[in-house]
Amino acid sequence: MSKRDEPKESKRGLGRREFVKLVSGTSAAVSAGVLTNVELLGAQTAAGGKTAGPGAVPMTLRVNGQARQVTLEPRVTLLDALRESLDLTGAKKVCDRGTCGACTVIVNGKPIYSCTVLAIEAAMSGANIQTIEGLAPEGQFHTLSASFVQNDAQQCGFCTPGFVMAAKAYIDTHPNPTYEQVKHSLGGNLCRCGTYMGVRRAVVDAAMKMKGGKS
């Protein structure tokens, strides 16, 4: 065999067809992992031992001190469950990727982005979920919400519920925050109107009032 007839090693990079095959295989593996995690979270089983889903399954969410019954697909996020199934629209759907903080709620005392948690995960763990609707009786303002108004801490108001919930969780564990501490603690919430200074003043003011002091 002459050198001309010998097979030559391809010098080109990964071809389009090979790339598509690689991505398809990886996606399938990732999808399988997600389904396994859902099962480990305790997705309910139907009669005959078959795993319920991906269709809707019944679950109970403990929201604002009440047990709420919903029937949802395992893929539904806590944010969508709150807004679409329970009509609790305070948490806003903005980036839907855990970046802006507009969907912040308090779960077991900690602020979380509700767009990053599955409703079934919260249900199976028996988590206590608090939304801005649960901070005060209907028609009334929580001290923190009132402070946001008094300090002009909102413009369009779309991100405000997320800021209030993040601030509430912080004040619960840090009852004497300084302006700089509040600035750092709310770093995970974005305001496209730029009312950050008013927000920080509002939180410091509310913290003082909540412990019986004066602003």
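Any residue at all in region 156-171 that is more than 19 Å from Gly109 (Cβ to Cβ), within 22 Å of the chain's Cα centre (by Cα) and open to solvent by 50 Å² or more (accessible area, probe 1.4 Å)? I'd like the intermediate steps shown before the answer.
Taking region 156-171 and keeping what is more than 19 Å from Gly109 (Cβ to Cβ), we get 156-160.
Adding the requirement that they be within 22 Å of the chain's Cα centre (by Cα) leaves 156-160.
Narrowing further to those that are open to solvent by 50 Å² or more (accessible area, probe 1.4 Å): 156, 158.
For region 156-171, residues more than 19 Å from Gly109 (Cβ to Cβ), within 22 Å of the chain's Cα centre (by Cα) and open to solvent by 50 Å² or more (accessible area, probe 1.4 Å): present.
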Of all residues in region 80-91, count the ones that are surrounded by fewer than 22 Cβ atoms within 10 Å (Cβ to Cβ) and closer than 22 Å to Ser185 by Cβ.
1
Is it the case that Ala167 is touching a His at 6+ places or on another chain (Cβ under 6 Å) and farther than 29 Å from Val57 by Cα?
no
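For the structure I just gave you, tell me whether Asp96 is open to solvent by 70 Å² or more (accessible area, probe 1.4 Å) and modelled with pLDDT of 95 or more. I'd like the intermediate steps shown before the answer.
Details: open to solvent by 70 Å² or more (accessible area, probe 1.4 Å): yes; modelled with pLDDT of 95 or more: yes.
Judged against the criteria, Asp96 is a match.
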Report, by residue number, each residue of region 189-204 that is assigned to a helix (DSSP H, G or I) and open to solvent by 20 Å² or more (accessible area, probe 1.4 Å).
Tyr196, Met197, Arg200, Arg201, Val204
Evaluation of Ala119 against (1) in contact with a Leu (Cβ under 8 Å, 6 or more places away or on another chain); (2) open to solvent by 20 Å² or more (accessible area, probe 1.4 Å) (one fails), failing number:
(2)
What is the one condition in (1) under 17 Å from Asn64 (Cα atoms); (2) modelled with pLDDT of 95 or more that Phe141 does not satisfy?
(2)
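The values are calculated or read from the model by the stated rules, or taken from the named source; none is laboratory data. Computed from a predicted model, the values in this text were never measured in an experiment. Neighbour counts run over all protein chains shown; Cβ positions are idealised from the backbone, glycine included. When the accessible area is computed, the model is the full protein with side chains, heavy atoms only, and any ligands, DNA or RNA have been set aside. Shrake-Rupley method; radii C 1.70, N 1.55, O 1.52, S 1.80 Å.
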